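Q: Starting off with a structure, shown below.
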Amino acid sequence: MIARLYHVSVKSNFYYEKLAKDNVERTEYLKPVRGEITDSHGNLLAMNQIGFSISIVPHLRYTPREDGNQTKLEKIIDTLVETFPDLNGTIMQKVYKKESSAYNHKYIKVVNFIPYADMMSAYPKLSIHDEIKIEAETKRYYPYGRYAAHIIGYTGRSNKKENEKNEVVDKVGKVGKTGLERYYNNVLQGKLGYVVNKVTATNKAIDQLEMVMPEDNKNITLNINIELQQLIHEYFKKNNQTGVAVVMRTNGEILAAVSYPAYDPNLFVGGISTKDWKALQEDLNHPFTNKIIHGTYPPGSGIKMGMAMAFEKAKPGILNHSEYCKGYITIGNSSHRFRCWKHSGHGTVAVRKAIMQSCDVFFYKKSLQVGIDAMSKYLHEFGLGVKTGVDMPREYSGVIPDKAWKMKRFKQPWYLGETVIAAIGQGYDLVTPLQISRYTALMATGNLVTPKLAKIVDGNLTKHEIKPIKFDNFIYEVRKGMYDVCNTLGGTGYRVMHDLPIIVAGKTGTSQVTSIPQGVSKRLKESELAYFHRSHAWFTSYAPYDDPQFVVTVLVEHGGHGGSTSAPLAAEIYKWLYKKGYFNKKPKDEIVNTNIGDYNTTATSTEQNASIIIEDKIIKKNKAIRQKVNRSVEDLF
């Protein structure tokens with residue numbers, strides 16, 4: 001008895017003191033207004049619509065009366081349905097029953113959002129009911145809908161787990177579910193305010209003791225240009241294509257990132273219907289998947305620039321030697337042929353020609369001299385098979401395999417045949433389109449950057465993160481090969497890219513999704529294959545060649561050949577950038593080294609100067625040609 005007396009009177013004093021205080025004071029939280037998201041020109045991509053929520057006082061009787069008359073709750077719900085015919089009375093009653101208890105003294109929200117215009121005429125009628133509480137509310141709205149869905153994401157009702165993690169989410173009841181809405185949720189949501197009132201035994205406020213206003217309107221400005229987003233989206237739609245396009249400055253700022261097809265994020269704000277969700281899930285083109293960072297594809301020939309530099313880093317001097325391509329190679333005593341895409345072969349091939357004409361045999365032979373572990377090590381260093389660090393949630397890393405990876409994944413040893421296949425971006429190789437964009441910027445500038453969608457977060461500029469990668473003199477040969485792809489007759493991207501108003505360097509790629517049997521001597525044309533058996537078409541590039549400022553990467557799913565399918569969209573993007581004056585100006589905070597004479601390499605100054613002279617001659621010649629073309633290009637617009 002003495003111990004119990006001590007526990008109740010002394011040890012539990014703080015508990016009962018707090019309980020008594022809670023009976024005297026009532027704290028009401030003030031919700032912050034969620035921050036808005038705008039593009040680089042101030043266009044609203046995520047905004048708040050103004051409206052109202054409706055709550056009903058607790059402890060009303062909801063069981064049917066024996067005399068057959070309506071309960072007070074039924075009368076109030078009928079009044080709401082008469083006022084707003086779109087409301088569902090049955091659902092409101094279920095919500096009320098779930099939340100009502102003897103211990104709950106707070107109003108129970110039964111309607112989350114009524115638009116401002118609809119409430120204005122109904123407010124005088126509803127406000128006379130003491131049992132009804134009307135509060136200001138906001139609802140997320142995405143004016144550009146599908147155009148930026150995979151970047152912006154959407155907000156939705158929070159669940160129990162999300163509420164437990166975040167006090168603001170718990171009180172607001174909404175949280176960013178995907179995209180930037182999720183990644184920057186803690187910024188956008190702001191901070192709660194509160195009002196402390198002194199209340200009577202019946203929970204009626206009689207005095208205000210304290211008030212703290214919420215911190216809201218924490219906005220975000222993006223590097224994205226929504227006009228360019230629309231152009232790319234409509235191009236995919238017009239040509240009935242599915243895929244991805246990324247436009248990025250060489251310092252990592254993302255101007256556009258489109259995953260097509262997309263979905264309307266406004267469907268999710270108030271809770272998506274079963275019908276709409278089922279339609280998204282059953283669409284074979286996966287509109288709900290963010291292919292920019294969640295789509296993993298074999299990189300195909302787009303990997304060859306980095307592969308060449310990986311060879312040289314692993315075995316210095318290896319690129320001094322050409323290889324002879326007769327159309328295929330065999331390994332050891334095996335009769336299995338690892339074929340080049342060109343049946344008759346390319347003859348003697350050096351690294352520049354290997355990039356220009358995308359010779360597979362060149363990379364087959366070099367890979368056998370270097371080995372998969374070294375190839376994998378340096379490709380990871382170049383940003384492939386690793387996360388880019390972009391400000392989007394749940395980014396995938398993809399796969400650039402080595403022996404240890406295969407043993408862990410499949411409990412099997414590595415075979416030489418898998419090495420040669422990996423050397424041309426096939427086999428187990430899987431990358432995201434954003435990884436290819438980042439890696440292309442590295443090939444152009446010698447800097448591995450961290451891509452950024454957001455430019456200003458809550459009034460602060462985001463920081464650019466770069467990692468210099470040292471290359472030797474052969475980086476010039478790789479860049480020349482990329483130049484040849486777009487500007488030299490016979491290059492795989494020449495037809496589409498050679499007559500643009502700026503000089504573009506790039507690489508086409510075709511990544512197979514089905515293997516070709518050894519017995520097939522002549523492969524069917526891509527157009528003759530079933531759609532889902534056709535190869536993915538890649539094109540990745542940078543421009544201008546003499547002063548890299550922008551990277552454009554395009555992937556068309558099951559598009560066949562990159563030069564004929566993906567490059568045309570890249571060309572349209574470069575024309576748009578040129579027309580809008582992007583090549584005549586740079587961001588003030590430009591930090592990436594883009595001067596062709598100052599590339600981050602280990603070549604001697606004599607070698608650099610010699611290479612620069614050659615490059616300058618090529619550039620001047622092409623600029624003269626383009627001056628004649630520019631007027632006709634301007635006429636197109």
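The values are calculated or read from the model by the stated rules, or taken from the named source; none is laboratory data. Not measured: the values here are computed from a predicted model. Virtual Cβ from ideal backbone geometry, glycine too; neighbours counted across all protein chains shown.
Q: Quick one: in region 367-399, which of the residues that are part of a helix (DSSP H, G or I) and among the β-branched types (Val, Ile, Thr) is nearest to His321 (Cα to Cα)?
A: Here is the first cut: in region 367-399, the ones part of a helix (DSSP H, G or I) are 367-370, 372-381.
Okay, now just the ones that are also among the β-branched types (Val, Ile, Thr), so 370, 372.
Working: Val370: 14, Ile372: 20 Å.
Checked region 367-399; the qualifying residue nearest to His321 (Cα to Cα) is Val370.
Q: Which members of region 163-193 meet the condition of being of a type in the set (Asp, Glu) and touching an Asp or Glu at 6+ places or on another chain (Cβ under 8 Å)?
A: First, pick out the residues of region 163-193 that are of a type in the set (Asp, Glu): 164, 167, 170, 181.
Across region 163-193, the qualifying residues are Glu164, Asp170.
Q: Can you tell me which residue within region 455-479, out of those that are touching a residue at least 24 places away in the same chain (Cβ under 8 Å) and part of a strand (DSSP E or B), is surrounded by the most Cβ atoms within 10 Å (Cβ to Cβ)?
A: This residue is Phe471.
Q: Could you give me the residue pairs with C-beta distances under 9 Å whose first residue belongs to region 321-333 and is of a type in the set (Val, Ile, Thr), whose second residue is part of a strand (DSSP E or B) and surrounded by 15 or more Cβ atoms within 10 Å (Cβ to Cβ) wherever it lies, and which are 6+ apart or on separate chains?
A: If the second residue must be part of a strand (DSSP E or B) and surrounded by 15 or more Cβ atoms within 10 Å (Cβ to Cβ), the pairs left are Ile329/Phe338; Ile329/Arg339; Thr330/Phe338; Ile331/Phe338.
Q: Still on this structure: So which residues in region 80-124 are touching a Lys or Arg at 6+ places or on another chain (Cβ under 9 Å), modelled with pLDDT of 90 or more and among the polar types (S, T, N, Q)?
A: Hit for region 80-124 is Thr83, nothing else.
Q: If you don't mind, there's one more thing I want to ask. Report, ordered by the first and then the second residue, all pairs with beta carbons closer than 6 Å, sequence separation of six or more or different chains, a first member in region 480-502 that is in a loop (DSSP other than H, G, I, E, B), and a second member that is among the acidic types (Asp, Glu).
A: Close Cβ pairs (under 6 Å, with a partner that is among the acidic types (Asp, Glu)) amount to Gly491/Asp484.
Q: Right, something else. Going by the conditions given, is Phe311 assigned to a helix (DSSP H, G or I), surrounded by 14 or more Cβ atoms within 10 Å (Cβ to Cβ) and touching a strand residue (DSSP E or B) at 6+ places or on another chain (Cβ under 6 Å)?
A: No, not satisfied.
Q: Find the residue count for region 155-180, including only residues that are free of Cβ contacts under 8 Å to residues at least 24 places away in the same chain and hydroxyl-bearing (Ser, Thr, Tyr).
A: 1
Yes/no per residue for (1) part of a loop (DSSP other than H, G, I, E, B); (2) touching a residue at least 40 places away in the same chain (Cβ under 8 Å):
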residue	(1), (2)
Gly51	no, yes
Ile91	no, no
Ala117	no, no
Ser121	no, no
Leu126	no, yes
His129	yes, yes
Lys133	no, yes
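Q: Residues that are over 29 Å from the mean Cα position of the chain (by Cα) and farther than 26 Å from Thr71 by Cα: does region 129-138 have at least one?
A: Looking through region 129-138, at least one residue is over 29 Å from the mean Cα position of the chain (by Cα) and farther than 26 Å from Thr71 by Cα.
Q: Being free of Cβ contacts under 8 Å to residues at least 12 places away in the same chain and farther than 18 Å from Gly389 by Cα narrows it down to one of Asn240, Asn266, Asn219, Asn225, so name that one.
A: Asn240
Q: If you don't mind, another one. All but one of (1) farther than 21 Å from Val554 by Cβ; (2) part of a helix (DSSP H, G or I) hold for Thr440, so report the exception by its number.
A: For Thr440, the exception is condition (1).
Q: Would region 70-81 turn up any residue that is part of a helix (DSSP H, G or I) and closer than 23 Å to Ala205 by Cβ?
A: Taking every residue of region 70-81 in turn, at least one turns out to be part of a helix (DSSP H, G or I) and closer than 23 Å to Ala205 by Cβ.
Q: Next up: Just checking: which of the helices (runs of 4 or more DSSP H) contained wholly in region 135-247 hold 3 or more residues that are touching a helix residue (DSSP H, G or I) at 6+ places or on another chain (Cβ under 6 Å) and crowded, with 17+ Cβ neighbours inside 10 Å?
A: Output list reads 226-238.
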